[in-house]
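Structure first, commentary second.
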Amino acid sequence: MSLIVKAAALAREAHKGQFRKHGHSDRPYTTHLARTAGRAALMIGSCEADVVAMWIHDIDEDTDMTFSDIHRFLGSGDVVVLAVTLARYLTNPSKKFPELSRAERKAMDLEHIINIPNRAKRLKMIDRIDNLTEALDDNETPTEWLMGLYVPESRLLLDAALRGVDAELEAELDAILAKIEDKFA
């Protein structure tokens, strides 16, 4: 079985019973992972580790499984090590500090993203584009989460940490943010 198929199976198991948040959707959580993994596969310069990373990028953050569990399931080869490293870069460190205010957590996460390698920043843009696209498609009316939190945080993330990494993804992220802002202005 290919590593990508194993990562997809692990994601399906880890996220079993989970559904997408913040929309009027009952889509399984893995639909987001499938879209981002597929997008990573099409990215110029991508490798197997990028695709695997997108399948597993929310496991540690949003399930009871840890990166150690991921290694046990996928193994410890070079591709797995790189994929898990990329997934760690995409994981918000603030999840370990729920007692902090949202502003403090987002500042911590932004500082983290500023310092990750460009390969991981490209994957972060794919993740954010997918989240925003789904939020736009799912919301007929603006929500406080979308307009009051996620869109401004996404703008800050783009401006402070992601500009200059990938012109195509940057333009797409700018465009989806503008589309949401225009729709709900």
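The values are calculated or read from the model by the stated rules, or taken from the named source; none is laboratory data. Bear in mind that the values here come from a model prediction, so they are computed numbers and not experimental data. Reconstructed Cβ throughout: ideal geometry from the backbone, glycine too, with neighbour counts over all protein chains shown.
Look at region 41-56: where a residue is closer than 15 Å to LYS6 by Cα and a partner is assigned to a loop (DSSP other than H, G, I, E, B), sitting 6+ places away or on another chain with Cβ atoms under 7 Å, you get ASP50/MET43.
Having 2 or more residues that are exposed (fewer than 13 other Cβ atoms within 10 Å of the Cβ), out of contact with any Gly (no Cβ under 6 Å at 6 or more places or on another chain) and touching a residue at least 40 places away in the same chain (Cβ under 8 Å) is the bar; report the helices (runs of 4 or more DSSP H) wholly within region 93-177 that clear it.
Numbers: elements: 102-114, 118-138, 151-157.
Ranges flagged: 102-114, 118-138.
Of all residues in region 60-83, none are under 16 Å from LEU123 (Cβ atoms) and assigned to a loop (DSSP other than H, G, I, E, B). Of the candidates ARG88, ARG72, ARG105, ARG119, the single residue that is modelled with pLDDT of 95 or more, among the basic types (Lys, Arg), touching a helix residue (DSSP H, G or I) at 6+ places or on another chain (Cβ under 9 Å) and over 26 Å from GLU168 (Cβ atoms) is ARG105.
Given the condition over 22 Å from TYR29 (Cβ atoms), polar (S, T, N, Q) and within 17 Å of the chain's Cα centre (by Cα), answer yes or no: does some residue in region 129-145 qualify? No: region 129-145 contains no residue that is over 22 Å from TYR29 (Cβ atoms), polar (S, T, N, Q) and within 17 Å of the chain's Cα centre (by Cα). Return the residue satisfying two criteria in turn: it lies in region 33-59 and is part of a helix (DSSP H, G or I) and charged (D, E, K, R), and of such residues it is nearest to ASN131 (Cα to Cα). Step by step, filter region 33-59, then rank; the result is ARG35.
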